[in-house]
Amino acid sequence: MKILKITLIAFILHIASFLNAGEGMWIPLLLKSLNEAEMQSMGMKLSAEDIYSVNRGSLKDAIVHFGGFCTGEIISGSGLLLTNHHCGYGQIQSHSSVDNNMLKNGFWAKSHKEELTNPGLFARFIDEIKDVSKEAMMGVKEGMSNKERQSIIDINLEGIKASFTLGEFQELIIRPFYNGNQYYAFVTTVFNDVRLVGTPPESIGKFGSDTDNWVWPRHTGDFSLFRIYASPDNQPADYSPDNVPYKPKHFLPISLDGVEEDDFTMVFGFPGRTNEYLPSPAIEQVVDVLNPAKINIRDKALKIMDKYMRADEGIKIQYASKFARIANYWKKWIGESLGLKKTGAIKRKLDYETEFVKASGNTNILNEFKATYRDIEPYALTRDYYNEVALRNIEILGMIRNFRRLITAYEENGETGYENFKARLINFLPGFYKNYNEDIDKEVFGELTELYASSVDQQYVPDQLKKEWMFMRALKDHNAVGNYFFSNSIMPSSEKVMALLEQDPKDVMVTLKDDPLYKLGEDWEKIYAEKVSLPYNGHKSILDSLQRVYMKSQMDAFPNKRFYPDANSTMRVTYGKVNGYTPKDAVYYTPVTYLDGAIEKYVPGDYEFDIPSKLLELYEAKNYGQYADSNGKVPICFIGTNHTTGGNSGSPAIDAHGNLIGLNFDRAWEGTMSDMNYDASICRNIMVDARYILFIIDKFAGASHIIDEMKLVHPKKK
């Protein structure tokens, strides 16, 4: 009996070693069978049916995919939607000007009539999730080529879509899971009238800005408020002054009791992309080759942008959203690489692969991975250089791709095709040039094209760029390359471009094809497509096939392990606990920060650490209302072990009873490698405390009418 007990304990520890507490992004449909018991053992008082149900209102009915890039949640019976400040940043920026700078001053609608419309912004609800794997895989056999396999699956998916009976306002999304080994269908309802209700000034909503991004301790009130509007019969509708606030099936009550160490937390949302089951050579390539290159490129671009933004308030407004977007992943990649090294991710993968070989007897697939990652590396590196330099960080080159589509439309469909695409282009261009600064882009162009030309194989560098850089290096004039291309091109000028589009299509074609920036972009794209993208995609196809087989082999080799699928922007639940962590020797981070800490960081006039005078007054007077904790302090943020990623921004942090306790907005820097290697010792998600959100709305903004429509509760005092 003693031997049996020891064996059982060893087996449990062996299985547990594959999955950390808090790890996983779980499909809500499967919580009953896979997670409910564990969640309840961790303190949850809800049932799986309370979280996901198609027969009655449940937590899922309060969660939306916000704009397709973030998460939001409904927090009142009148469609009030809470998400992050950075998720609503583009909308806030679009309503801002030098004279009415909502980014700087904040905004609070005093009535429904003052709430601001946001064309193109939507909120997507999930009505039902269904496993359609059996139907999708019908006719698929071992040994099929990727092309044959996918062709059969695509035909099956069309049949599956036809089998669903959708309501007037419903849509169907089918996504692959487990690297294409399973498929799930999502029945959704989309609302297209989403209006801005309120936002704190960025000195609160973006406090700490880029210095504190991905960092703990954090003191950022990263939230904004929107409202979903519906037709008078509570159905989705495009914007109309006759629309009314949406009445949801469920909304989240808000807890005033806050959190303590070891409290249960659940994060519900739409995580974007993870790759948890990659083999060791993939991690090595990320750490040693790809991340360093991307970090260096963005570092150079950000320094140039920062210089101009600090010198001019108008440019700061223009570039605020762009800078934040570029800096976000720049810093994430830095933390990711450090975290992967600190936690010994490569060794952990190698150890796991040893276990896999023992369990499966399959060594061939790991050898194939190693060879294929070696073969793809030069193309993967050049691909990242091209994407970062030519498409993402040099704005004018990214924009010029639209003109190549205009030329294609003319060459393939004549003047009719030309005029149709021209109409779309004319609608796009004013928005681009409104937030475009030629001096910044020209300097970035010079810096990054030199980096590209000196970092990749010369066969991937356009001849025009080689020629100019050889000439300018001889002159020792670093800025001359940017000056040459920009001064001889019409592309940086809104007036010249719009004037060109008034000309005869044939003349437009001649002018574009003779423009140096247009020619550079065209040549560069051709080189990339033929010499980089084509071979890269060939190797990537092999890797995708290997990954699919490897995923299935892992699930077969370890039948007792609970495998969660990688994130793919579909609805997921992750659960954990409020816990601090030790980032390095002799340092322990407690899990909650307070307003006192923000005051300690306060630097008057600094664009990252300034604090509004009203907030300082509230702090000095200790005028906290009902939003202070038992120690009389106002909490700002807290951390947990929830497994999150991009797309979880704006996700609700939910307590054991189903109440909102916080708003997910970031991860601790040391644990950003959780997209590839979750480690419970340092992986922490960062959340704004719900009480700080309420405090800012009520005491700081004086918007008590917004508080009045919420349901505030005390679950710990029952």
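Listing for the model above:
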item	result
Matching entry among ASP441, ASP384 (being acidic (Asp, Glu), part of a helix (DSSP H, G or I), under 18 Å from ILE490 (Cβ atoms) and within 26 Å of the chain's Cα centre (by Cα))	ASP441
3 or more residues assigned by TED's automatic domain parsing to the domain that holds GLU114: qualifying strands (runs of 3 or more DSSP E) within segment 628-718	none
Options VAL532, VAL549; residue that is farther than 30 Å from LEU397 by Cβ and of a type in the set (Val, Ile, Thr)	VAL549
Filtered residues of segment 611-659 (kept if buried (at least 18 other Cβ atoms within 10 Å of the Cβ) and among the charged types (D, E, K, R))	ASP629, ASP655
Verdict on ASP606 being in a loop (DSSP other than H, G, I, E, B), closer than 30 Å to PHE695 by Cα and not polar (S, T, N, Q)	yes
The listed residue being in contact with a strand residue (DSSP E or B) (Cβ under 8 Å, 6 or more places away or on another chain) and at pLDDT 95 or above, out of ILE707, ILE682, ILE697	ILE697
Single match in ASP523, ASP514 (criterion: without any contact (Cβ under 8 Å) to a residue 24 or more places away in the chain and of a type outside the set (Phe, Trp, Tyr))	ASP514
Yes/no for ASP306 being among the acidic types (Asp, Glu), at pLDDT below 95 and either crowded, with 17+ Cβ neighbours inside 10 Å or not in a loop (DSSP other than H, G, I, E, B) (or both)	yes
PHE356 being of a type in the set (Phe, Trp, Tyr), modelled with pLDDT of 95 or more and out of contact with any strand residue (DSSP E or B) (no Cβ under 6 Å at 6 or more places or on another chain)	yes
Identity of the residue in segment 40-84, among the hydroxyl-bearing types (Ser, Thr, Tyr) and without any contact (Cβ under 8 Å) to a residue 40 or more places away in the chain, that ends up nearest to ARG273 (Cα to Cα)	SER53
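The values are calculated or read from the model by the stated rules, or taken from the named source; none is laboratory data. Remember, predicted model here, so these are calculated numbers, not experimental data. Cβ: placed from backbone, ideal geometry, glycine included. Neighbour counts: every protein chain shown.
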